[in-house]
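Below: one structure, written as structure tokens.
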Amino acid sequence: MKSTTRGTLAAVVTGIAATVASAAPAAAAGTVPVPVPLGGVSTALDMEVPTLAAELPLPKPGAPDGPRYVTGRLLPARTLPQLPVSTGLPGVDARSPLPHVLGDGFDHIGVDAPATDLRALAPGLSVDAPLTAPRADNFGLPGTKIPQAGVLAPVLQTATDANLGTGPGL
């Protein structure tokens, strides 16, 4: 094996190991930090540039509620159960230089919107067959009825929070 091939293979394995090692703490925390490196632009342009960082949430599926059996129905209620998913809304932290537009004491403007929890339920389906349960007055045979179908509506629940501010320094 050539030395360039070995070097390339070693770089790839090192990159994969670093990615796996950094992903484990992020998965435990529930969000993945995403810094946006703008330091090179600041050095190249010789001026202050905005700083930007974000947090991306990791979705976590939950266990669905199973079908419920109801007396008088052939098929259970919630034939297709709703799947709960808990995740979050992405967060952002951005600061930008402000050239004394608001006065001498205001050098930057910033937005801080942390990642927030989001709980959701996927839509579900509840159907019933066009037959009734076996009846004694009909010699144990089921009767007919109008079929029923219902869609269980999706649910979203969250509360967001954000701060907008100005002040001295970046």
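Going through 30, 66, 88, 72 one at a time, which residue ends up being loosely packed, with under 15 Cβ neighbours inside 10 Å, touching a strand residue (DSSP E or B) at 6+ places or on another chain (Cβ under 9 Å), at pLDDT 65 or above and not polar (S, T, N, Q)? I'd like the intermediate steps shown before the answer.
Numbers: 30 fails: loosely packed, with under 15 Cβ neighbours inside 10 Å; 66 fails: touching a strand residue (DSSP E or B) at 6+ places or on another chain (Cβ under 9 Å); 88 fails: loosely packed, with under 15 Cβ neighbours inside 10 Å.
Just one listed residue meets the conditions, 72.
Is it fair to say residue 52 is more than 14 Å from the chain's Cα centre (by Cα) and closer than 30 Å to residue 168 by Cβ? Here the answer is yes, as residue 52 does meet what is asked. When the range 43-75 is filtered for residues that are of a type in the set (A, V, I, L, M), within 21 Å of residue 119 (Cα to Cα) and in a strand (DSSP E or B), the ones remaining, listed by number, are 54, 56.
Filtering the range 128-170 to residues that are under 43 Å from the mean Cα position of the chain (by Cα), part of a strand (DSSP E or B) and among the hydroxyl-bearing types (Ser, Thr, Tyr) leaves 132, 158, 166.
Screening the range 149-170 for residues that are surrounded by 13 or more Cβ atoms within 10 Å (Cβ to Cβ) and more than 17 Å from residue 66 (Cα to Cα) and picking the one that is modelled with the highest pLDDT gives 166.
Within the range 131-170, the residues that satisfy the criterion of being over 30 Å from residue 78 (Cα atoms) and not β-branched (Val, Ile, Thr) are 161, 162, 163, 164, 165, 167, 168, 169, 170. The residue list 137, 128, 161 contains one member that is under 30 Å from residue 60 (Cα atoms) and of a type in the set (Asp, Glu), which is 161.
The values are calculated or read from the model by the stated rules, or taken from the named source; none is laboratory data. As the structure is a computational prediction, the values presented were derived from the model and not from experiment. All Cβ positions, glycine included, derive from the backbone under ideal geometry; neighbour counts span all protein chains shown.
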